[in-house]
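Q: Have a look at this one.
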Amino acid sequence: MTASALPSRLSAAPLLLAVTACGAVALWLALDPSLGRLLLEWLPYLARGFAMNILISVLAMALGTLAGIVLGAMELAPVRLVRAAAIAYVQVFRNAPHLVLIFATTYIFPFEIVAFGHYVPFPDWVKAVIGLAIPASAHTAEITRGALQSIPTPQWDAAKGLGFSRIEALRFIILPQCLRRALPPWMNLYASICMGTALASLVGVHELLHAATDASTAVSRTDFTVLTYVTVLFAFFLFCYPVSRLTQRLERRLAR
Amino acid sequence: MQDAIRGFIALAGQVGLNFDFLASPFELRMWLDGMGTTLVLVALTLPLSLAGGVVLAAALTSGRPWLAGPARAYVELTRNTPTLVQLMFTVLVVNMLISQALGGAQNNPFGAYFWLVAVVSLHVAAFHAEALRGGIEAVPAATVEAARGLGFSRLEVLRVVELPLALRTALPAIVNNLVNLVKLTTIGYAVAVNEITYASLMIWTQRDNVVELMIVLLLFFSLINLAVARIGAFVERRLAVPGFGQ
């Protein structure tokens, strides 16, 4: 039994599951055409909800990555105070539940901001983006720190010898090399943040889970409720599973 | 005790933090109950997730397609869908179907609390299983063959040879999963289980002291997770076999 042969052979199982589930749903819809019509009617509504999940996850990840790279570099800064502040931030927010952080941003931030005498609304979904960007930044900081530490120290000396400042060496020599090592855990983090977007439904953001609740309440048919939630599960699965497969492939390539 | 609480409220008030709710026995009780519920949830789900992880890992590495296939499908489905969606699915769909089958919600023995414990432990079990599977596959084939040659059955090899070694390699990942498990208990809020997040929200909607309770929440989870990480590191040191791993 070789380690590489087993997972590739077994990876057929989820595919089989997906095919079986789709087949079962298709059969179910064929038996009751009114159910299929209802689903078709509500599908655009659900899709708009899912688009919100993807929007939140992409923005939260972009914000979190930018902040996390800076924080990760700060964790290794030569100044002790900078180091301590970054480490404390990472420790607290890596250990905090995503839901708690979404609540924090939702309830602490005002619902509108006064800018140049104008009231600019501060929508809930933007607060959810910030709420998820905080843990994303803490995790990215750890990933960055780990990757930075994996680069042999003589490289820093060599960069110094070539006349690079510490920040320049970090930006042009060390960070680009970190990318390869940091990519798989970063993609794992993206999948985790993407699944975290479902939590935004609890603070009233109109995303997929929220849309599903709306749909099942509006139609109020048992079979439709079952079908709607199965659809939600599969929407997330179809989006996150390819990401996780790709991550595994990259990890295996890196391990070789 | 009362004096100490009053003293603390006054002290917090001086630095601009509103902890007035501590003076209300009802709210104080609810808040402490919330902390207790979170701790009980962690104490319940943690061993359950480990047990589920071992069973799933055994199924994944059994080499029998009828056992490994469904286990693999379950692991992938669980790992790639949000825990909150799984919880809502079980509470709103599975629980409803059970109620219907039993002829009414009053006959249904399962409540939100049951589903929360089940979903969180089985979700984290899938992550444990992946970590353990990696560890089991890393056990040298010669070691397994030697054990088989000594007359150990497949299950005995798993129990006395593969799992003990796999546990050691998988421990860092397992501790990571357990930190995640502690954080996942907060989704109990969605099904009105009175854990600490739910209790805090009930208080701050009345008192408008979000920042104060948020500080306590962050400290509370940091402390639990610090304890989990410390215990994990301790177990790792205790179990370390000289010359194995690293």
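The values are calculated or read from the model by the stated rules, or taken from the named source; none is laboratory data. The structure displayed is predicted, hence computed values, not measured ones. Reconstructed Cβ throughout: ideal geometry from the backbone, glycine too, with neighbour counts over all protein chains shown.
Q: With within 14 Å of another protein chain (Cβ to nearest Cβ), part of a helix (DSSP H, G or I) and among the small types (Gly, Ala, Ser) as the only criterion, which of A:Ala104, A:Ala85, A:Ala62 stands out?
A: After ruling out the rest, the residue left standing is A:Ala104.
Q: B:Ala58 - would you say it is surrounded by 14 or more Cβ atoms within 10 Å (Cβ to Cβ) and at pLDDT 90 or above? Steps first, answer last, please.
A: Working: surrounded by 14 or more Cβ atoms within 10 Å (Cβ to Cβ): yes; at pLDDT 90 or above: yes.
So B:Ala58 passes the test.
Q: How about the stretch A:225-251: which of its residues are surrounded by 18 or more Cβ atoms within 10 Å (Cβ to Cβ) and more than 8 Å from chain B (Cβ to nearest Cβ)?
A: Passing the criteria: A:Leu227, A:Thr228, A:Thr231, A:Ala235, A:Phe239, A:Thr247.
Q: Kindly indicate the residue of the stretch B:133-186 that is assigned to a helix (DSSP H, G or I) and among the hydroxyl-bearing types (Ser, Thr, Tyr) and also surrounded by the fewest Cβ atoms within 10 Å (Cβ to Cβ) among those meeting that condition.
A: Quick first cut of the stretch B:133-186, residues assigned to a helix (DSSP H, G or I) only: B:133-138, B:141-149, B:154-186.
Keeping just the survivors that are among the hydroxyl-bearing types (Ser, Thr, Tyr) gives B:143, B:169, B:185-186.
Values: B:Thr143: 13, B:Thr169: 18, B:Thr185: 28, B:Thr186: 28.
Among those residues, the one meeting the criterion is B:Thr143.
Q: Another question about this same structure. Would you check if A:Gly23 is crowded, with 17+ Cβ neighbours inside 10 Å, out of contact with any Pro (no Cβ under 7 Å at 6 or more places or on another chain) and either over 30 Å from A:Ile130 (Cα atoms) or modelled with pLDDT of 85 or more (or both)? Break it down into steps so the answer makes sense when it comes.
A: On the way: crowded, with 17+ Cβ neighbours inside 10 Å: no; out of contact with any Pro (no Cβ under 7 Å at 6 or more places or on another chain): yes; either over 30 Å from A:Ile130 (Cα atoms) or modelled with pLDDT of 85 or more (or both): yes.
No: the conditions fail for A:Gly23.
Q: Here is a follow-up. Might you let me know whether the stretch B:143-154 holds any residue that is away from chain A (no Cβ under 12 Å), of a type outside the set (A, V, I, L, M, F, W, C) and in contact with a Lys or Arg (Cβ under 9 Å, 6 or more places away or on another chain)?
A: To start, the set of residues in the stretch B:143-154 that are away from chain A (no Cβ under 12 Å) comprises B:143, B:146-154.
Remaining after also requiring of a type outside the set (A, V, I, L, M, F, W, C): B:143, B:148-149, B:151, B:153-154.
Restricting the remaining residues to those that are in contact with a Lys or Arg (Cβ under 9 Å, 6 or more places away or on another chain) gives B:148, B:154.
Yes, the stretch B:143-154 contains a residue that is away from chain A (no Cβ under 12 Å), of a type outside the set (A, V, I, L, M, F, W, C) and in contact with a Lys or Arg (Cβ under 9 Å, 6 or more places away or on another chain).
Q: State yes or no: is B:Thr83 touching a residue at least 24 places away in the same chain (Cβ under 8 Å) and within 8 Å of chain A (Cβ to nearest Cβ)? Please lay out each step first, then the result.
A: On the way: touching a residue at least 24 places away in the same chain (Cβ under 8 Å): yes; within 8 Å of chain A (Cβ to nearest Cβ): yes.
For B:Thr83, the condition - touching a residue at least 24 places away in the same chain (Cβ under 8 Å) and within 8 Å of chain A (Cβ to nearest Cβ) - is met.
Q: Here's a follow-up. Within the stretch A:87-108, does at least one residue satisfy the condition of being at positive phi and loosely packed, with under 14 Cβ neighbours inside 10 Å?
A: Of the residues in the stretch A:87-108, the ones at positive phi are none.
No.
Q: Further question: Is it the case, given these coordinates, that B:Phe234 is in a helix (DSSP H, G or I), closer than 20 Å to B:Val120 by Cα and modelled with pLDDT of 90 or more? Explain how you work it out, then say what you get.
A: Values: in a helix (DSSP H, G or I): yes; closer than 20 Å to B:Val120 by Cα: no; modelled with pLDDT of 90 or more: yes.
So B:Phe234 does not fit the description; no.
Q: Can you name the residue in the stretch B:194-246 that is at the interface with another protein chain (Cβ under 9 Å from one of its Cβ atoms), more than 24 Å from the chain's Cα centre (by Cα) and surrounded by 18 or more Cβ atoms within 10 Å (Cβ to Cβ) and, of all such residues, is farthest from B:Val15 (Cα to Cα)?
A: Filtering first and then ranking leaves B:Trp204.
Q: Inspect the stretch A:84-100 for any residue being touching a Leu at 6+ places or on another chain (Cβ under 9 Å) and charged (D, E, K, R) and give the result as yes or no.
A: Scanning the stretch A:84-100, I find no residue that is touching a Leu at 6+ places or on another chain (Cβ under 9 Å) and charged (D, E, K, R), so the answer is no.
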